[in-house]
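**Q** This is the structure I want to talk about, given as structure tokens.
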Amino acid sequence: MAGKPKVAFYWAASCGGCDIAVLEIREKLLDLAQAVDIVFWPVAMDIKYGDVEAMEDASIDACFFNGAIRNEENEHLARLLRAKSKTLVAYGSCAYVGSIPGLGNLSDRQEIFETVYNESPSTANPQRLLPETSYELAEGETELPAFFNTVKTLAQTVPVDYFVPGCPPQAHQTWAVLEAFLRGELPSPGSVIGAGEKTVCDECERVKEDKKVGQFHRVHEIIPDEKKCLLEQGIVCAGPATRSGCGALCPTANLPCRGCYGPPPGVVDQGAKLLSAVASVVDADTEEEAARIVSQIADPIGTFYRFGLASSLLRRRKLH
Amino acid sequence: MEEKGFEPRIVAFLCNWCTYAAADAAGISRMEQPLNVDVIRVMCSGRVDPSFVLKAFLEGADGVIVSGCHPPGDCHYGEGNYKTFRRMPLLERLLQQYGIEEERFRWGWISAAEAPKWAQLTRKMTERIRELGPLDWRGRLEQMEIEGV
């Protein structure tokens, strides 16, 4: 490539954490700035969408796209950046598997609007106004992007070349990905990069013994032993159904894995896999006992698919 | 959602040793059974990964059955059906959270000697799902893409 490679970063339906995750490479940011031209990065630079639209197709060497596709604007930018970029990377779990915004797929637009604009205790909206996609003002028409019923992943919207999991991706993994890109050493397209090929359990140093659980606990209910496997202590830990790469960060901090690195290689549906793993530790020899123990798990879909609902087999709750 | 002429499609994962034998016996004995059930023989109901059930619903099943040997004791492998009864109550709740009506998913035990029980289950379930109408999960997802919502 002539001159420095051109790189873009974008955020769609995300919390901003993935942009912070890029900053987490710290002083290496200076190396990055020397090695590439950053042509678009809304969180850090003032460049308008029109400027991107004016770029030539495939003129960006790599675009790191974080955030899920929640509304029309997200979708427009996904299509635009796909066209403008040679390599499109789904950076972070929202772009990769839908992540926390994907839990919105348990509701629909109407329910979400009702909660956010009318029902939430901190909202005063006596006229019950809801966002409109266009509105006439004296100064002219204003527009808002349409809000979708269903959150999609980036790959459900446009073709994606690479996937970097994590909520957010860990700094050393981000740097490893950037280095591989700069050296032209990225693997074959379609790969998950910046992560391991095993599960979080494989990276977790906790002692794993006999898995027999007679009582499940939510994280706020007990202070777990710091050395023993969390699942064995009756805490739903997503480690068995989650790709390695974070270094078992949450279990190291005495918290269960929440599943943010997405399914391990070969697993189609992260929630189904975690459900099986959790059921397998239930210490029950009768149907009644098993039913009693698993009923202690408060919210199966929200727990097993905390990050993976939008990319699961069924993708969302049934729309009426 | 009810359509004229709708015929439910039910996918049944049956264990080789008990319920499959029951279904076979029901056929041999010429018991009345609807044509709506597609049987998939598995070696054990404990082999049924929850993703099989989700995939069946995604790919067009209007109902799914998982059935094996009565616990305790009937399982050919000793405790395979224990896995089933530890897993299925969670899957049942998960499916309800997905908005899939309770009656579209049935799991339990039918021994090789209970052919009439199998025949009755298929009749009742088909009848009930005929009332519920098609689930058409993939069609719903495709419709969502078309409408762009």
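The values are calculated or read from the model by the stated rules, or taken from the named source; none is laboratory data. Not measured: the values here are computed from a predicted model. Cβ atoms come from the backbone with ideal geometry, glycine included; neighbour counts cover every protein chain shown.
**Q** For A:G3, all conditions in the list (1) more than 22 Å from A:P187 (Cβ to Cβ); (2) in contact (Cβ under 8 Å) with a residue 24 or more places away in the chain; (3) touching a Phe, Trp or Tyr at 6+ places or on another chain (Cβ under 7 Å) hold save one; what is the number of the exception?
**A** In the conditions (1) more than 22 Å from A:P187 (Cβ to Cβ); (2) in contact (Cβ under 8 Å) with a residue 24 or more places away in the chain; (3) touching a Phe, Trp or Tyr at 6+ places or on another chain (Cβ under 7 Å), A:G3 misses (3) alone.
**Q** Then there's this: Answer yes or no: is there a residue in region B:94-114 that is modelled with pLDDT under 95 and surrounded by 20 or more Cβ atoms within 10 Å (Cβ to Cβ). Can you show your working first?
**A** Pass one, region B:94-114, residues modelled with pLDDT under 95: none.
No, region B:94-114 contains no residue that is modelled with pLDDT under 95 and surrounded by 20 or more Cβ atoms within 10 Å (Cβ to Cβ).
**Q** Can you say whether A:V177 is of a type in the set (V, I, T), in contact (Cβ under 8 Å) with a residue 60 or more places away in the chain, in a strand (DSSP E or B) and surrounded by 14 or more Cβ atoms within 10 Å (Cβ to Cβ), as far as the supplied structure shows? Give the derivation first.
**A** Numbers: of a type in the set (V, I, T): yes; in contact (Cβ under 8 Å) with a residue 60 or more places away in the chain: yes; in a strand (DSSP E or B): no; surrounded by 14 or more Cβ atoms within 10 Å (Cβ to Cβ): yes.
No: the conditions fail for A:V177.
**Q** Please indicate, with yes or no, whether at least one residue in region A:260-267 is modelled with pLDDT of 95 or more, away from chain B (no Cβ under 14 Å) and touching a His at 6+ places or on another chain (Cβ under 9 Å).
**A** For region A:260-267, residues modelled with pLDDT of 95 or more, away from chain B (no Cβ under 14 Å) and touching a His at 6+ places or on another chain (Cβ under 9 Å): absent.
**Q** Name every residue in region A:281-320 that is surrounded by fewer than 21 Cβ atoms within 10 Å (Cβ to Cβ), at the interface with chain B (Cβ under 7 Å from one of its Cβ atoms) and among the small types (G, A, S), in order of residue number.
**A** A:A284, A:A291
**Q** Would you check if there is a residue in region A:268-280 being in contact with a Pro (Cβ under 9 Å, 6 or more places away or on another chain), among the small types (G, A, S) and within 14 Å of A:C201 (Cα to Cα)?
**A** Yes, region A:268-280 has at least one match.
**Q** Take B:R41 and tell me if it is away from every other protein chain (no Cβ under 13 Å), touching a Phe, Trp or Tyr at 6+ places or on another chain (Cβ under 6 Å), in contact (Cβ under 8 Å) with a residue 24 or more places away in the chain and surrounded by fewer than 24 Cβ atoms within 10 Å (Cβ to Cβ).
**A** Working: away from every other protein chain (no Cβ under 13 Å): yes; touching a Phe, Trp or Tyr at 6+ places or on another chain (Cβ under 6 Å): yes; in contact (Cβ under 8 Å) with a residue 24 or more places away in the chain: yes; surrounded by fewer than 24 Cβ atoms within 10 Å (Cβ to Cβ): yes.
Here the answer is yes, as B:R41 does meet what is asked.
**Q** Given the conditions (1) charged (D, E, K, R); (2) more than 7 Å from chain A (Cβ to nearest Cβ); (3) closer than 19 Å to B:L141 by Cβ, report the number of the one that B:K55 does not fulfil.
**A** Of (1) charged (D, E, K, R); (2) more than 7 Å from chain A (Cβ to nearest Cβ); (3) closer than 19 Å to B:L141 by Cβ, only one is false for B:K55: (2).
**Q** Looking at region A:195-214, which of the residues that are under 26 Å from the mean Cα position of the chain (by Cα) and of a type in the set (K, R) is nearest to A:F163 (Cα to Cα)? Talk me through it step by step, then tell me what you get.
**A** Here is the first cut: in region A:195-214, the ones under 26 Å from the mean Cα position of the chain (by Cα) are A:195-206.
The next check asks that each one be of a type in the set (K, R); those that pass are A:198, A:206.
Details: A:K198: 16, A:R206: 28 Å.
Among those residues, the one meeting the criterion is A:K198.
**Q** Now, a different point. Please give the number of the condition A:E132 fails out of (1) touching a strand residue (DSSP E or B) at 6+ places or on another chain (Cβ under 6 Å); (2) modelled with pLDDT under 95.
**A** (1)
**Q** Shifting gears a bit: Which one of the conditions (1) more than 30 Å from A:A291 (Cβ to Cβ); (2) assigned by TED's automatic domain parsing to the domain that holds A:P265; (3) of a type in the set (G, A, S) does A:A171 fail to meet, given that it meets all the rest?
**A** In the conditions (1) more than 30 Å from A:A291 (Cβ to Cβ); (2) assigned by TED's automatic domain parsing to the domain that holds A:P265; (3) of a type in the set (G, A, S), A:A171 misses (2) alone.
**Q** Which is crowded, with 21+ Cβ neighbours inside 10 Å and farther than 19 Å from A:Y96 by Cα, of A:V236, A:V207?
**A** Values: A:V207 fails: crowded, with 21+ Cβ neighbours inside 10 Å.
Result of the check over A:V236, A:V207: A:V236.
**Q** Also: B:V53 versus (1) in contact with a Ser or Thr (Cβ under 9 Å, 6 or more places away or on another chain); (2) buried (at least 24 other Cβ atoms within 10 Å of the Cβ): which is the lone unmet condition?
**A** (1)
**Q** For region A:236-320, which fully contained helices (runs of 4 or more DSSP H) count at least 3 residues that are touching a strand residue (DSSP E or B) at 6+ places or on another chain (Cβ under 9 Å) and farther than 21 Å from A:Q173 by Cβ? Write out each step before concluding.
**A** Values: elements: A:249-252, A:270-280, A:287-294, A:300-304.
Filter on region A:236-320 gives A:287-294.
**Q** Right, something else. Looking at region B:117-149, which of the residues that are within 12 Å of another protein chain (Cβ to nearest Cβ) and of a type in the set (K, R) is surrounded by the most Cβ atoms within 10 Å (Cβ to Cβ)?
**A** B:R140
**Q** Out of all the residues in region A:17-37, which are at pLDDT below 95 and small (G, A, S)?
**A** Listed by number, the list holds a single entry, A:A33.
**Q** Looking only at region B:59-76, which residues are among the small types (G, A, S), assigned to a loop (DSSP other than H, G, I, E, B) and modelled with pLDDT of 95 or more?
**A** As a first pass, look at region B:59-76 and keep what is among the small types (G, A, S): B:60-61, B:63, B:67-68, B:73.
From what's left, assigned to a loop (DSSP other than H, G, I, E, B): B:60-61, B:73.
The answer is B:G60, B:A61.
**Q** Would you check which residues across region B:61-88 are in contact with a helix residue (DSSP H, G or I) (Cβ under 6 Å, 6 or more places away or on another chain) and of a type in the set (D, E, K, R) and list them?
**A** Correct list: B:D62, B:K83, B:R86, B:R87.
**Q** Next question. Within region B:77-112, count every residue that is under 17 Å from A:T286 (Cα atoms), more than 9 Å from every other protein chain (Cβ to nearest Cβ), of a type outside the set (F, W, Y) and not in a helix (DSSP H, G or I).
**A** So the answer is 3.
This table checks each residue for (1) buried (at least 21 other Cβ atoms within 10 Å of the Cβ); (2) under 24 Å from B:S51 (Cα atoms).
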site: A:I222; (1), (2): no, no
site: A:E232; (1), (2): no, yes
site: A:Q270; (1), (2): yes, yes
site: A:K273; (1), (2): yes, yes
